[in-house]
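Please read the structure below before turning to the comments.
The values are calculated or read from the model by the stated rules, or taken from the named source; none is laboratory data. Note that the structure is predicted; figures quoted are calculated from it, not measured. In this analysis, Cβ positions are derived from the backbone assuming ideal geometry, glycine residues included, and neighbour counts consider all displayed protein chains.
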Amino acid sequence: MNRRIATGIIPLLSLIVSGAPALAADAEHLRFLRPIEIAPRTADELVAVRLDAAVMAATAEGYPDLRILDADGREASRVIRRATAVTMKSVRTSFVIERPRVRPLPAGGLEIEFTIDPEKHREGIDGFRIDTPLTNFEQAVRVERQDATGAWIPVGDDTLLYDYSRFMNTRQTDVAFPGKRHEPAGGTWRITVKETTLEQQSTLMELVRTLDETGEKERQEKVTIVRQPFRINRIAAWRDAEVAELRTADAVDHPVSDIRVEDEPKEQRTRIRLGGGRVPTTALRLRVADRNFGRSARVEIPREKKNAREAGRGPLVLGSARIHRVDLRGISREALAIGIPESRCAEYEIVIDNGDSQPLEIEGVTAVGPEYEAVFLARAGASYRLAYGGATDDGLPFPQPHYDTTAIDAALVAGQSPSPATLGLIVERKVEPVPPPLAARILGNPWLIGTAIAVLAVILALSLVGAARRLGPAGDESSGA
């Protein structure tokens with residue numbers, strides 16, 4: 001009988017401890033609504049909306065209580081990531097001119113004609129690069145393009161190519177079009193080199209001395225003039241394009257509230273209590289009126305006293321640093337920030353060890369940390385709003401949603417830049433808290449847990465007594481068998 005009772009009760013208690021499925025928490029239990037203002041669009045588009053301090057203050061860790069809803073109240077898949085910034089950079093692309101036609105001119109110049117296939121090279125070009133192995137030269141070139149009538153139209157003025165490596169490491173072999181305009185790549189072009197042979201003075205000087213019995217009779221200095229052809233290895237057309245580059249946005253300053261400075265003379269320290277607003281924070285930077293100081297400082301948060309074991313433990317230290325400022329006789333340096341791991345705390349405490357020195361005059365504190373954004377796929381013509389801020393009726397956070405983000409992840413990996421969106425005014429509504437799951441209610445009841453432990457102990461004791469009776473005395477074990 002006892003075995004059957006134990007067999008039935010133990011799986012039941014295991015189910016209770018492991019936890020029953022949680023009740024679904026939908027957007028109707030979220031307190032705040034804000035419209036997402038997006039530019040009009042005619043197709044599905046990736047959109048990113050920046051999460052401000054108001055959203056951070058009301059959401060839980062990991063943002064389980066943050067949802068994006070359409071006009072019908074349906075949730076849209078979203079990805080929370082660190083905010084990005086778009087920077088424009090110039091990227092140069094080029095291609096080599098194929099099959100140029102070369103014709104020497106009677107006066108010593110050189111004409112190079114070539115045709116660019118517009119089907120193969122559709123983008124415009126900004127100029128040509130003349131690749132030559134020569135150094136220490138000056139050469140003038142002219143670029144022309146043939147129009148529909150067959151006439152040659154100059155593209156800008158003559159360009160001077162040069163290499164002054166004899167004096168300095170400087171070289172210019174690009175022929176850029178005027179006005180930074182993109183010329184269509186197709187058509188027939190001509191590059192004219194004014195002189196194909198260059199005269200260069202040798203860097204070596206020949207000195208001839210004639211001597212007789214009385215000494216030096218004559219001295220001659222000879223300088224060699226070297227004539228070298230203007231050798232061209234290849235000609236390439238190039239184009240500069242402005243490309244958007246995504247990078248993680250820099251950390252920004254977040255204002256803090258409710259700053260309280262308390263001097264503790266007995267402990268020889270200053271304690272600064274401040275509200276963090278639950279914004280992501282990676283450093284706290286002090287504003288100090290004093291000059292020429294150096295103190296040890298640390299950032300603490302109080303521990304949650306969940307049980308008697310943790311009641312005697314001190315605060316949790318997030319980070320420490322030596323803050324200082326030196327401004328004396330041309331020496332000027334300071335470091336007033338205390339770095340911490342990224343945290344979202346409602347309150348922080350900064351403790352400054354003064355020793356026997358006078359306390360510092362604290363003017364303020366600034367929180368430094370990253371910004372985050374919600375990225376989602378917005379349908380053409382649809383309107384969206386942000387819903388956030390919710391908890392169960394005993395303070396437990398929302399369950400984390402699990403969305404299908406395949407399309408969003410693929411677009412972000414491919415380097416697509418989401419269109420920016422902004423949040424509108426906050427609308428607060430009265431909602432009912434989400435009931436906690438069954439396991440949380442059971443585990444949160446100490447009387448029920450104590451009763452279950454007592455029942456298990458009694459069942460275990462009865463099972464041991466029954467087993468001992470069946471085995472009998474050690475001496476009768478053989479007869480019993």
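Among the residues here, Ile362 qualifies as under 21 Å from Cys345 (Cβ atoms) and either modelled with pLDDT of 90 or more or β-branched (Val, Ile, Thr) (or both). If you check Ser90, Ser94 for being among the hydroxyl-bearing types (Ser, Thr, Tyr), in a strand (DSSP E or B) and in contact with a Phe, Trp or Tyr (Cβ under 7 Å, 6 or more places away or on another chain), only one passes: Ser94. Within the range 123-155, the set of residues being part of a loop (DSSP other than H, G, I, E, B), among the acidic types (Asp, Glu) and surrounded by 15 or more Cβ atoms within 10 Å (Cβ to Cβ) comprises Asp126 only. Only one entry of Glu28, Glu37, Glu61 meets the criterion of being farther than 30 Å from Leu456 by Cβ and modelled with pLDDT of 90 or more, and that entry is Glu37.
Considering each residue of the range 104-122, count those that are part of a loop (DSSP other than H, G, I, E, B) and either under 19 Å from Thr173 (Cβ atoms) or not assigned by TED's automatic domain parsing to the domain that holds Thr192 (or both), and give that number. It would help to see each step written out before you state the result.
Residues of the range 104-122 part of a loop (DSSP other than H, G, I, E, B): 105-109, 117-122.
Those left that are additionally either under 19 Å from Thr173 (Cβ atoms) or not assigned by TED's automatic domain parsing to the domain that holds Thr192 (or both): 109.
Counting residues in the range 104-122 that are part of a loop (DSSP other than H, G, I, E, B) and either under 19 Å from Thr173 (Cβ atoms) or not assigned by TED's automatic domain parsing to the domain that holds Thr192 (or both) gives 1.
Do we have Glu373 as farther than 30 Å from Arg291 by Cα and modelled with pLDDT of 90 or more here?
Details: farther than 30 Å from Arg291 by Cα: yes; modelled with pLDDT of 90 or more: yes.
Yes: the conditions hold for Glu373.
Residue count for the range 281-299 satisfying the condition of being under 20 Å from Val317 (Cβ atoms) and either buried (at least 20 other Cβ atoms within 10 Å of the Cβ) or out of contact with any Asp or Glu (no Cβ under 7 Å at 6 or more places or on another chain) (or both): 10. Scanning the range 226-274 for residues that are under 18 Å from Arg298 (Cβ atoms) and either touching a residue at least 24 places away in the same chain (Cβ under 8 Å) or touching a Ser or Thr at 6+ places or on another chain (Cβ under 8 Å) (or both) yields a total of 13.
Among all residues of the range 10-25, there is none that is modelled with pLDDT of 55 or more and within 33 Å of the chain's Cα centre (by Cα). Of the set (1) surrounded by 15 or more Cβ atoms within 10 Å (Cβ to Cβ); (2) within 21 Å of Ile232 (Cα to Cα), all apply to Asp158 but (1).
Applying the criterion of being among the polar types (S, T, N, Q) and in contact (Cβ under 8 Å) with a residue 40 or more places away in the chain to the residues of the range 344-375, the residue that is farthest from Arg273 (Cα to Cα) is Ser357. Candidates are the residues of the range 432-459 that are surrounded by 13 or more Cβ atoms within 10 Å (Cβ to Cβ) and modelled with pLDDT of 75 or more; the one that is farthest from Ala387 (Cα to Cα) is Ile459.
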